[in-house]
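Here is the structure we will look at, set down as structure tokens.
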């Protein structure tokens, strides 16, 4: 039983359409390769799917550019003229826009102002004032951020200073306690049996030493 004849029309189902394209694409490329080998022909094939995927095949003895050039010579047409003209028009438009921007920049620097009318000069002045205001606002924001950063650094340095000062105070307190014990053990007798008195000056800050009754004459050294 032979295969039924397929009606040639657009396949509505997207999945079926994509599957059919893949199968038929592989088949037509296979036929192009066979035609190249069997008939020693130069074959060029370009395909675009409905999803804009690009596929091509060209005979190994040539390349796509050579085939297009041969096509133009054979048909007497130029495939590049329209594209070249379009690119030239686009280039001219871009040059015009570039020149307008350059002229505007020169006018902002105070050059080429003679051709401007009073209204245009007023508009240019207003634009410069607006730009200057934006610049000043941005500058103020950056200065404020810098000040805030410096304040944070100062606060951090102050905290570090307090921490270090607290450590030093603790060390001084421990040193003071040790020196107080030394003062209390400084009364010794001489080898001859007599007491020799040596005046020792106690710093004013050690007031508790005097309060305990250790005067200058109560401290004896051997």
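Here are a few things to note about the model shown:
- Any hit, the range 33-45, residues being under 21 Å from residue 67 (Cα atoms), part of a strand (DSSP E or B) and touching a strand residue (DSSP E or B) at 6+ places or on another chain (Cβ under 7 Å): yes
- Scanning the range 61-76 for residues being surrounded by 10 or more Cβ atoms within 10 Å (Cβ to Cβ) and part of a loop (DSSP other than H, G, I, E, B) gives a total of 3.
- Residue in the range 40-58 that is more than 23 Å from residue 79 (Cα to Cα), surrounded by 14 or more Cβ atoms within 10 Å (Cβ to Cβ) and at pLDDT 90 or above present: no
- Verdict on residue 105 being farther than 27 Å from residue 28 by Cα, under 46 Å from the mean Cα position of the chain (by Cα) and either assigned by TED's automatic domain parsing to the domain that holds residue 25 or without any contact (Cβ under 8 Å) to a residue 40 or more places away in the chain (or both): yes
The values are calculated or read from the model by the stated rules, or taken from the named source; none is laboratory data. On a predicted model such as this, the values are computed, not experimentally measured, just so you know. Glycine gets a Cβ as well: all are built from the backbone with ideal geometry, and neighbour counts include every protein chain shown.
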